[in-house]
Amino acid sequence: MFQHSFILRLGHTSRLMVFLFICFITVTTCPPSMAETYEHPSDVDMNFRQNIVVEKPTVRVDSNSTADHSKFEELKQPFSSGPEVTKTCLKCHTEAGHQFMKNIHWTWNYKNEKTGQLLGKKHLVNNFCTNARGNEGMCAQCHAGYGWKDETFDFTNQDNIDCIVCHDRSGTYYKTPPTEGNATCSIMFEGKQPIQWSEVAQSVGLPVRENCGGCHFYGGGGDGVKHGDLDSSLIHPDKKLDVHMDEAGLNFSCNSCHVSDKHIWEGSRYDVVAKDTKGTGKPGQRRDVATCESCHGLQPHPNDSLSNIKLNNHIDRIACQTCHIPTIARGGVATMTDWDWRTAGKTKNGEGYKEKEYTQGDGEHRATYKSIKGDFKYAENLVPHYGWFNGQMIYTTIDTKFDPSKGVVDINSYVGSATDGKSRIWPFKQMHTVMPYDKGNNTLVYMHLWGEDENAYWGNYDFGNAIKAGMEKNNLPYSGEYDFVDTYSYWPITHMVAPKEDALTCNECHVKDGRMTDLKGFYMPGRDSNYWLDLLGIIAIITTLLAVIAHGLIRVVMNRKRD
Amino acid sequence: MSQRYIMIFTRFERFWHWSQMLLIMILLFTGFGIHGFHQLLDFQSAVELHTLCAISLLVLWIFAIFWHLTTGTWRHYVPTTDGLWKVAQFYAFGIFKGERHPYHKAYWRKHNPLQAISYLALKLFLFPVIWISGILYLLYPLWATTSAEQLVWVAIIHTAVAFAILLFVIIHIYLLSTGHSFKEHVMPMINGFDKVELSSEEEAYLEKDEPGNIR
């Protein structure tokens, strides 16, 4: 099936012959059962990164490299594996390995110094596929390394670093999950073209959108699922979709903003700069932040009109993103808003299945039900959720106890208020999921989703066994009883910045029932008023009008009497 | 003693009155729009127009204050209780019985005591409060640390005074109808001339030295 999609994506007439040839080979050489799998169309809900093989690799405009890697003799050798390529890279880039080993893309581990919480994919539970931990055989396809299957992975061996996934500029590199998983899932990776290591190694350059996007556009299990402001439409965006990444215009790559220093880059959502008070910094100074202000300054609107001055007065309370990202999922790719794990596990004739009832803007059909995951809802052109945010997130981690009777559990909650002086109103994508939890201990659970064994949920559809195995594998207490709990997660929105003419107008917020209706603790003209003052004022006006009319009427009547 | 039409509202005073009228009308309209009472103007246009008119009115007031002080016209607003009660009684009772207005305009006293005290209150209390609260509102990012309580009070005071000014406008317009005719009451503010009781000395002075100001 992926040969099929791969060729279609290359999709020019000149490739037709290759396509026909491969079809011929496929049909004549493959056993019938395998030929059947080729009939599946490419599935945006199951990308697993193969589909990042892009039709037209983007071009970086800001590269100022003095080297052409295709001319390096060292790279003109028949590599047979990733680590071999890495070894060669590190011969010249002597420090890159050690530098990168401190990067969260390698460690999947982040300690928030302010809250003391242990975060990162190694630890967190989210409300999509819930946990990468224990499912590395699948999830570590997005680890920037080679072969993280389980706890035996060697994080100290720099040859395990995958340089290419970020630096490939040929558009042909791909990653599959480190392990095959259950038979139900393993069919997804069949039939890939082998990677042309030498060709890929010679193509390397600075990362472009499809490199980062290969993982970040597909978070949560499919295109645009997780973030809403990050999806494959940003590979070739127009100005309407993103004013900075606009391919015909500024054509920013991700690290135009997410600037890096020694392979560590800025702009992590684990530690958000919610209010940048330094702006562009001193002349010539480089600021290692990914904030809007670091380029646009602290008075981003020209002070040439009353409205612009007023807009500049907003920036201490309103994040740039709030007005300049009017809606998310604008590029024709939907984002998931609702996931119900309770309905997972239904089968037809003993087989898992999926329903694709949602058609998104670009015409692709999205799964609204999958046996392995449950029911989904999607949204496009979604108005974000808004909240006061000081940059700090508090996570419900695997060891956090909560009270399910107190309503929805926040997987992560943003901290901030109208009065702390550090917060601004930020847009978020709110994700609602009904997901399993440990009913006895009132904690979230690690599920064993992926594996070749009989406990893996994906293949066996038994929550009880999957949770038990997932918790045992990590030496975590499990009461033996699970139930489902409503959860929210909040994803700060900062991409898909619209052109200024599409920014929000004042009326979107400064009205009674506008976008900020739910935000409390501050006074906003147009939205707020003092009830008693208004009542008193209106009564006074009406009374005065009535008195004046009465006074006038009496005069008229009395005058007539006298006449 | 004779009643003559003399110039009591000079050109500047009329300009001041009517431009102030226009600005206050726009300010009330845009202000209550910003407040959320109507959506006839979008918020941005309303704020722009409101601010522009407010600044214009402030400039106008600066000129008007200067004018009042240098021409001595401020004396017209000196409050007095002399005859105040009679005027109040007239509006409460006498007017219905067809009585004559108890006050007769004088050369140096063009407002009746009730008018004088109302205008004085407007100028010394309502106007200063609305422009101080308005300036604080406009410039609150410069002094307020949050848009919570501090801004609430500024907004409440500003709105309360706006209501009071609207009340003044309503009564002010209504009172124009209490003379012989609405037109007769408005004309002095258009051509400047109104019927005023003059002493013979005043009359003689005007006829000799300011013949253009007496008809």
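The values are calculated or read from the model by the stated rules, or taken from the named source; none is laboratory data. Since we're looking at a predicted model, the values are computed, not measured. Cβ placement follows ideal geometry from the backbone for every residue including glycine, while neighbour counts extend to all protein chains displayed.
Among the residues making up region B:147-189, those that are more than 21 Å from A:THR543 (Cβ to Cβ), within 18 Å of the chain's Cα centre (by Cα) and of a type in the set (A, V, I, L, M) are B:VAL186, B:MET187, B:MET189. Take the residues in region A:309-335 that are polar (S, T, N, Q) and farther than 25 Å from A:GLY219 by Cβ; name whichever of them is nearest to the other protein chains (Cβ to nearest Cβ). Here the answer is A:ASN313. The condition of being surrounded by 16 or more Cβ atoms within 10 Å (Cβ to Cβ), farther than 30 Å from A:LYS422 by Cα, within 14 Å of chain A (Cβ to nearest Cβ) and at pLDDT 85 or above holds for only one of B:LEU84, B:LEU126, B:LEU136, B:LEU114, that being B:LEU126.
Among the residues of region A:424-444, what is the count of those that are in a loop (DSSP other than H, G, I, E, B) and in contact with a Ser or Thr (Cβ under 6 Å, 6 or more places away or on another chain)? Before you say what the answer is, go through the steps one by one.
Start the filter on region A:424-444 by keeping residues that are in a loop (DSSP other than H, G, I, E, B), which leaves A:439-442.
Right, trim to in contact with a Ser or Thr (Cβ under 6 Å, 6 or more places away or on another chain) and you get A:440-441.
Looking only at that region, the number is 2.
Would you check if B:THR73 is facing chain A (nearest Cβ under 10 Å), surrounded by 13 or more Cβ atoms within 10 Å (Cβ to Cβ) and either at pLDDT 95 or above or more than 26 Å from A:LEU535 (Cα to Cα) (or both)?
Against the criterion (facing chain A (nearest Cβ under 10 Å), surrounded by 13 or more Cβ atoms within 10 Å (Cβ to Cβ) and either at pLDDT 95 or above or more than 26 Å from A:LEU535 (Cα to Cα) (or both)), B:THR73 does not qualify.
Please tell me if A:GLY480 is of a type in the set (Gly, Ala, Ser) and within 14 Å of chain B (Cβ to nearest Cβ). For A:GLY480, the condition - of a type in the set (Gly, Ala, Ser) and within 14 Å of chain B (Cβ to nearest Cβ) - is not met. Six or more apart or on different chains, Cβ atoms under 6 Å: show the pairs whose first residue is in region A:98-123 and on the phi > 0 side of the Ramachandran plot and whose second is not hydrophobic (A, V, I, L, M, F, W, C). Here the result reads A:TRP108/A:GLY120; A:TRP108/A:LYS121; A:TRP108/A:LYS122; A:GLY120/A:ASN109; A:GLY120/A:TYR110, each pair linking region A:98-123 to a residue that is not hydrophobic (A, V, I, L, M, F, W, C).
Here A:THR172 clears all of (1) closer than 29 Å to A:SER70 by Cβ; (2) in contact with a helix residue (DSSP H, G or I) (Cβ under 7 Å, 6 or more places away or on another chain); (3) modelled with pLDDT of 90 or more except the condition numbered (3). Residue count for region A:280-296 satisfying the condition of being surrounded by fewer than 16 Cβ atoms within 10 Å (Cβ to Cβ) and either of a type in the set (Phe, Trp, Tyr) or in a loop (DSSP other than H, G, I, E, B) (or both): 8. Note on region B:192-212: residues that are crowded, with 16+ Cβ neighbours inside 10 Å and assigned to a helix (DSSP H, G or I) amount to 3. The residue of region A:518-563 that is farthest from B:VAL161 (Cα to Cα), among those that are hydroxyl-bearing (Ser, Thr, Tyr) and at the interface with chain B (Cβ under 7 Å from one of its Cβ atoms), is A:TYR523. Here A:GLY221 clears all of (1) under 27 Å from A:HIS448 (Cα atoms); (2) in a helix (DSSP H, G or I); (3) within 19 Å of the chain's Cα centre (by Cα); (4) not basic (Lys, Arg) except the condition numbered (2). Picking from residues in region A:293-319 that are in contact (Cβ under 8 Å) with a residue 40 or more places away in the chain and not aliphatic (A, V, I, L, M), the one that is nearest to A:ASN507 (Cα to Cα) is A:ARG317. In region A:370-396, the residues that are in a loop (DSSP other than H, G, I, E, B) form Cβ pairs under 9 Å with partners that are crowded, with 19+ Cβ neighbours inside 10 Å and of a type in the set (Lys, Arg), at six or more places apart or across chains, as follows: A:GLU380/A:ARG330; A:ASN381/A:ARG330; A:VAL383/A:ARG515; A:PRO384/A:LYS429; A:PRO384/A:ARG515; A:ASN390/A:LYS275; A:ASN390/A:ARG424; A:GLY391/A:LYS275. With respect to the stated conditions, B:GLU203 is touching a strand residue (DSSP E or B) at 6+ places or on another chain (Cβ under 7 Å), farther than 26 Å from A:GLY552 by Cβ and at pLDDT below 90.
This table checks each residue for (1) within 14 Å of another protein chain (Cβ to nearest Cβ); (2) buried (at least 18 other Cβ atoms within 10 Å of the Cβ); (3) part of a helix (DSSP H, G or I).
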| site | (1), (2), (3) |
| --- | --- |
| B:SER19 | no, no, yes |
| B:GLY31 | yes, yes, yes |
| B:ILE34 | yes, yes, yes |
| B:GLN44 | yes, no, yes |
| B:LEU49 | yes, yes, yes |
| B:PHE63 | no, no, yes |
| B:PRO79 | no, no, no |
| B:ARG100 | yes, no, no |
